[in-house]
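Since the structure comes first, as structure tokens, the remarks are kept for the end.
Where a number appears in this text, it was derived from the coordinates with a stated rule and is not lab data. None of these values were measured; they are calculated from a predicted model. When we count neighbours, we look across all protein chains shown, and the Cβ atoms used for this are built from the backbone with ideal geometry, even at glycine.
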Amino acid sequence: MILKGSSRANGANLATHLMRTDENEHVDVHELRGFVGGTLPEAFAEAEAVSKATKCKKYLFSLSLNPPKEASPSIDYFVATADRIEEKLGLVGQPRAIVFHEKEARRHAHVVWSRIDTETMTAREMDFFKLKLRDASRELFLENGWEMPRGLMDRAGRDPTNFTRGEWEQAKRLGQDPRWAKTIVQDCWKRADNAQALKGALEERGMYLARGDKRGHVVVDSFGSVHSLPRALGLKTKEVRERLGDSATLESVDEAQMRIGERQTPAVKKHIEAARKQFEERARPLSQQKLDMGAKHRETRAALARDQQAEQLQALHAAKARLPRGLRGLWDRITGRYQELRRENESAAQAMRKKHDEQAHAQIQLQLEERRALQVQIATVRAKQAQRMLELRKDLSQFMRFSRPSKDGPAHALGRTATRDRGHER
């Protein structure tokens, strides 16, 4: 399903566009959620009125959901997909409209959200929404077995040695989904009429046509995993051999993996360095925030200590003033009144110390809570960095093993998956 979204202003124009029956054979306003108004123009006018209390100009987010020509998703599927996208984009709970259009025997949907959160009176951020929609679109095509458009496939199916670190991690995630490799192989198969053409098409996407243990045709992906070509295509071994010929002339799985290791090792080293620099950039403001917070806390504690010291000094002067002097003081000592006043002063001083201790403790607890919150951020960044570096170093170790011959063969590097996939064909 192709997903296209954008932040929008001028809800009146959008409502008019969505309700046009001259361009669409059927228009159905399926849902108006979270709006007071009962029509699409009223709902969007309401969203615009709410946005006036904020600085947000593009107060709506509009999304079109276009299934492939051969597909006929149900209304429930459209709504479930809208719910799914809503969660990915951080728009859960926002007012929403769903409109269905039918044109030339095809049905598609438009979903429009208000970006204004009425509780905080701020606009929901739409960071990286294009990437999120692209990933969601791929997931929908893979889940439903729809033929994926080249535009969606090419960007993730290109040579992984040219990936950024983020694209590398995404490629790994996709590589763990067998449907993704299957989709790429099937696309290459459609465009290739012989072994050489298929080999070239696969290598453009960082995959390699190779000879399996049983002399069958296999594909080795950019992370060294081995896939049976007939199984990926849903064909028999005989049908694959008729188009590609004998696999004896192809490189072995070991040789393909060695080539992958030689190409990928520099790429992984580059990603490790990029990850290290990114960690330093993310950690630097947190480190500065920690220093600033420590200085601020020390200053606040010193200010409280000064105030308490001044209060103690004032109380001490007051206590001294209460004690009588001269003949009156001598008389109070004889009668015991002087000792009673001293006990009262000591009791008051003790009460003040207790109050000051409680004030200091309360202040320290508030500062500790603030510091703990910052420490959670610091720990999260450190943990993510440690996990990223661990995964990248595992990748590096794997590709370095690939780049040198191993007595145990590829199964040593790949585990059971390689052994299972290498020679079993239909």
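Taking 0.36 nm per residue of separation and subtracting the Cα-Cα distance, what length does fully extending ALA386 through ARG337 add?
Additional length available on full extension: 10.5 nm.
Working from the pairwise distances between different alpha carbons, so that the mean of 1/r is found and then inverted, what is segment 228-358's Kirkwood radius in Å?
24.1
Can you give the local net charge around PHE100? Use residues other than it whose beta-carbon is closer than 9 angstrom to its beta-carbon, Lys and Arg +1, Asp and Glu -1.
So the environment of PHE100 carries a net charge of -1.
In nm, to one decimal, how far is the GLU143 label point from the ALA305 one, both placed 7 Å along Cα→Cβ?
With each label point 7 Å from Cα toward Cβ, the separation is 6.0 nm.
Sticking with the crude label model, points 7 Å out along Cα→Cβ, report the distance from GLN350 to GLN314 in nm, one decimal please.
Placing both labels 7 Å along Cα→Cβ, they lie 2.4 nm apart.
What distance in nm separates the two pseudo spin-label positions at ALA49 and ARG20, each 7 Å out from Cα along the beta-carbon direction?
2.8
Students often check this: by mean Cβ neighbours within 10 Å, which of 52-61, 120-129 ranks highest, and how do the rest follow?
52-61, 120-129
Distances longer than 18 Å among the Cα atoms of segment 244-303: what percent of all pairs is that?
67
Short version: ³J(HN,Hα) in whole Hz for each residue of segment 55-60, in order, from phi by Karplus 6.51 cos²θ - 1.76 cosθ + 1.60 (θ = phi - 60°), x for Gly and Pro, what are they?
After applying 6.51 cos²θ - 1.76 cosθ + 1.60, I find 8, 6, 8, 8, 8, 10 Hz.
Which lysines have a Cα less than 23 Å from the Cα of LYS58, not counting those fewer than 8 places away in the same chain?
LYS4, LYS88, LYS130, LYS132
State the volume of the convex hull built on the alpha-carbon positions of segment 2-147, expressed per residue in Å³ and rounded to an integer.
Expressed per residue, the convex hull around the Cα atoms of segment 2-147 is 101 Å³.
So how strong a dipole does segment 15-75 carry about its Cα centre when Lys and Arg Cβ are +1 and Asp and Glu Cβ are -1, to the nearest 20 debye?
Taking the Cα centre of segment 15-75 as origin, the dipole is about 480 debye.
For segment 50-97, what is the convex hull volume of the alpha-carbon atoms per residue, in Å³?
Residue-normalised Cα hull volume stands at 94 Å³.
Tell me, what are the semi-axes, in whole angstrom and largest first, of the equivalent ellipsoid of segment 291-356 as set by the roots of 5 times the Cα gyration tensor eigenvalues?
The answer is 38, 11, 5 Å, longest axis first.
What are the GluC sites (Glu not before Pro) within segment 65-101 that DSSP puts in a loop, where the Cβ has at most 11 other Cβ atoms within 10 Å?
Taking segment 65-101 and a limit of 11 other Cβ atoms within 10 Å, the loop GluC sites (Glu not before Pro) found are GLU70.
Under 8 Å for C-alpha pairs, at least 6 residues apart: give me the relative contact order for segment 2-147, rounded to a whole percent.
32 percent.
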